[in-house]
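Since the structure comes first, as structure tokens, the remarks are kept for the end.
The values are calculated or read from the model by the stated rules, or taken from the named source; none is laboratory data. These numbers were taken from a predicted model, which means no experiment stands behind them. Glycine also receives a Cβ, built like all others from the backbone with ideal geometry; neighbour counts cover every protein chain displayed. Remember, those area values only see protein heavy atoms, side chains included, never the ligands or the DNA or RNA. Shrake-Rupley method; radii C 1.70, N 1.55, O 1.52, S 1.80 Å.
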Amino acid sequence: MKKILPLLLINLMLVTSCNVKAFSINNRNISFKLAKQKKVFPKLEDSQKEKMTKDEVIVFLENKNHELEETHQRFFDYFMWVFATILGGSIILICLNVKESHKKGKIIYNSEQFLQHSIQVQEAERRRISQELHDSIAQSLRYVSLLAEGLSDKAIAQKIIITQNENIQNIRKLCYNLTPPVINGSNMIPSLELLGQKIFDSDNNDFQFRVVWEPTIDFENWDDDMLMNIYRIIQEALQNIQKHANADEATVFFKKNGEKLKIIITDNGCGMDQTLLDQINSGLFEGIENMHFGLRNIFERTKLLGGKVTYYSGDGVGTRLTVEI
């Protein structure tokens, strides 16, 4: 709209200019005709009129007509000067507007590029840490278990072995969360189901986790990077449910909303109060204890996909997270 207004102003000024010019010429012709028809000689006494010859009358009328033309020309020149000033100002405003739009577009592009790069760095760092955990710490724990088998006190040895095996399982689980298998359209749903299994089943065997999707949704239509971001968003949401919601049921629902994809993640947990809910939806979650990094990851990845995040909740009524991309 800002770009259209100066153009409309220019068109209006051009039309007005043409109308004023036409009015000036028309007015000048009418004045001259009236002067000839009515013999109107401004500021002349009757005695002076009688003494004037026909040639002098014509000269007198021509002079007056010339003066009138000069007056009209001055008005027209003044109007054109005003018009040129407005036109110049409009052109400057258009140029500034285009420059500002280009600048904003460049800032947005750079911001998106930076965000994408930071997420790529995160994924690379996740793979590195996972590899380190698997190759060093997990192997060290296995070695400790082997040494424990040689202890004379078999009871203590058994406790050490059990504890070490639990630690190894936790490290494997952590490694899987850090570097899941390659996500693509064909294995998206099975990967999410396995993810929910690993997050919830170890703590509560009665936990009900479901992944539901509309038949019209074809995950093959999206590239692997987009699917990985969706996977990470859901992973962070499920981990928050597991840690904070005190729920025994969670659902991930994929719904088609026109050209957009809507991901709805619900639980039947304790919910959140309105203050916390408003703080999360505002994007200002630095002061939220134990949820800061997970929430930031959800919001940043959704932003990278050009979407929006909205939380709905209340005390004791569970939580619904909607991600629309």
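Points worth noting:
- Structure note, pairs Lys255/Lys308; Lys99/Lys308; Lys243/Lys308; Lys243/Lys303; Lys262/Lys308; Lys198/Lys303: Cα-Cα distances above 20 angstrom occur for Lys99/Lys308; Lys243/Lys308; Lys243/Lys303; Lys198/Lys303.
- Cα-Cα P(r), the range 221-325, percent of pairs per 10 Å interval: 15, 51, 29, 5
- Note: relative contact order over the range 189-325, using C-alpha pairs below 8 Å and six or more positions apart, is 24 percent.
- The simple Förster model, with R0 at 56 Å and r as the Cβ-Cβ distance, assigns Glu100 and Leu174 a FRET efficiency of 0.75.
- Calculated FRET value between Asp273 and Arg74, using beta carbons and R₀ = 51 Å, to 0.05: 0.10
- Calculated diffusion of the range 57-107, Stokes-Einstein form, Kirkwood radius summed over Cα pairs, 4 °C and 1.567 mPa s, µm²/s: 91
- Surface accessible to a 1.4 Å probe, per residue, for the residues of the range 152-192, Å²: 56
- Among the GluC sites (Glu not before Pro) in the range 136-211, those located in a DSSP loop and surrounded by at most 12 other Cβ atoms within 10 Å of their own Cβ are Glu149.
- Cβ-Cβ FRET estimate between Glu220 and Ile129, R0 fixed at 45 Å, reported to 0.05: 0.90
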